[in-house]
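The values are calculated or read from the model by the stated rules, or taken from the named source; none is laboratory data. Bear in mind that the values here come from a model prediction, so they are computed numbers and not experimental data. All Cβ positions, glycine included, derive from the backbone under ideal geometry; neighbour counts span all protein chains shown. Protein only, heavy atoms only, side chains kept; ligands, DNA and RNA dropped before computing areas. Shrake-Rupley method; radii C 1.70, N 1.55, O 1.52, S 1.80 Å.
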Amino acid sequence: MLAMASDGVPRPVDHLAWQSTTVRDRPALYGVAGHGTPLLFLHGWGLAHHAYKRPLKRLVHLGCRVYAPALPGFGGTADLPKDGLTLAGYAAWVDEFLDAVGVTEPLIVVGHSFGGGVAIQVAHDLPERVRSLVLVNSIGGSVWNGAGGTVRKMAQRPLWDWGIHFPSDLLPVPQITKVLPVVLEDALPNLIRNPAAMWRVAQVARTADLTAELEELKRRRLPVVVLWGEKDRIIPKESFDALCNAIGQQGEVVTGNHSWLLADPDAFGEVMTNVVSVASVARSMEGKAKRRRGLFGLSRGRPRLLRSLTGAKPADQAHEGEGEPAEEPA
């Protein structure tokens, strides 16, 4: 199926249109495509929205309206101010970005690596914005297995240890011909355009401990899916386990390393199928409920008087204990 672009050239419906908007009177770039359940995708450190074209198309095929902004400091989007260069600062920017592009309903929020940390903060700070959360090889776990098997705080992990794993984890050798071009499409311009931002954001990612935020999301019972590539050495297993423990549920281990969704977008689409299906059903039910409230005059005008029913209970009693999700084992 094709759609017509502004230049009159037919485009596939899964083709991401690259657009620009204004956030805080400064430019912000983003990709957008598809129709249906709104989904926000937040990219990893050093990359931007272009590198994820193939996995994002899989989300469009699942029936999503995908928004993929280049986060501040990357992909041509203006930096955050230095005093706002925190995950909370990024979450506040995301809120204003969604206003700028006219998104008003809750989204599925998906974050990869550094974008996962931003996604956690968005879900914590902006609960009305998030329908469900998907964390893909995300930062935010608080521990790292140091020399001699000693468990340490992630912030204590030296930069050289991150560095020696970064090239091999970001660029899997068997799929390097597929992954390298899309990574370089974002990484090289980011490095040339704004190396200072790359360094500053790396420091934010390296020291991120989102345990308290994750525990709050657990208390709110927000639907969360945690994914991790079994060969990832940038985000080690100890950090993945700590993240899962904080959210109070088991994660899902997939084949691949830190960039597995770039190397195998079909596997990413397969994993996301159930997430999108559940969110789409919930969205549809909400729409029916709104129409039903309108039909009975509860959303506008004077409410209709309904005759009482024998044995009826107040809503909070009638549904007490219903719809409460069971606790998942940690």
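A count restricted to region 19-30 and to residues that are in a strand (DSSP E or B) and loosely packed, with under 15 Cβ neighbours inside 10 Å stands at 5. Considering region 126-138, and only residues there that are more than 17 Å from Ala246 (Cα to Cα) and of a type outside the set (Val, Ile, Thr), the residue that is surrounded by the fewest Cβ atoms within 10 Å (Cβ to Cβ) turns out to be Glu128. Summed over region 232-263, residues that are of a type in the set (Asp, Glu) and open to solvent by 70 Å² or more (accessible area, probe 1.4 Å) total 1. In region 89-102, of all residues being over 30 Å from Lys237 (Cβ atoms) and out of contact with any Lys or Arg (no Cβ under 8 Å at 6 or more places or on another chain), the one that is surrounded by the fewest Cβ atoms within 10 Å (Cβ to Cβ) corresponds to Gly102. Based on what the data block shows, is Arg65 without any contact (Cβ under 8 Å) to a residue 40 or more places away in the chain and not small (Gly, Ala, Ser)? In short, yes. Filtered by the rule that a residue be open to solvent by less than 20 Å² (accessible area, probe 1.4 Å), in a helix (DSSP H, G or I) and farther than 30 Å from Trp199 by Cα, region 31-64 gives Leu59, Val60.
So, in region 288-298, of the ones that are in a helix (DSSP H, G or I) and open to solvent by 80 Å² or more (accessible area, probe 1.4 Å), which residue ends up modelled with the lowest pLDDT? The selected residue is Leu295. Residues satisfying the criterion are absent from region 106-115 (criterion: part of a helix (DSSP H, G or I), at pLDDT 95 or above and surrounded by fewer than 24 Cβ atoms within 10 Å (Cβ to Cβ)).
When each of Gly44, Gly84, Gly102, Gly34 is tested for being over 16 Å from the mean Cα position of the chain (by Cα) and modelled with pLDDT under 95, the lone residue that passes is Gly84.
Tell me whether region 210-226 contains one or more residues that are buried (at least 19 other Cβ atoms within 10 Å of the Cβ), in contact with a His (Cβ under 6 Å, 6 or more places away or on another chain) and touching a residue at least 24 places away in the same chain (Cβ under 8 Å). Yes.
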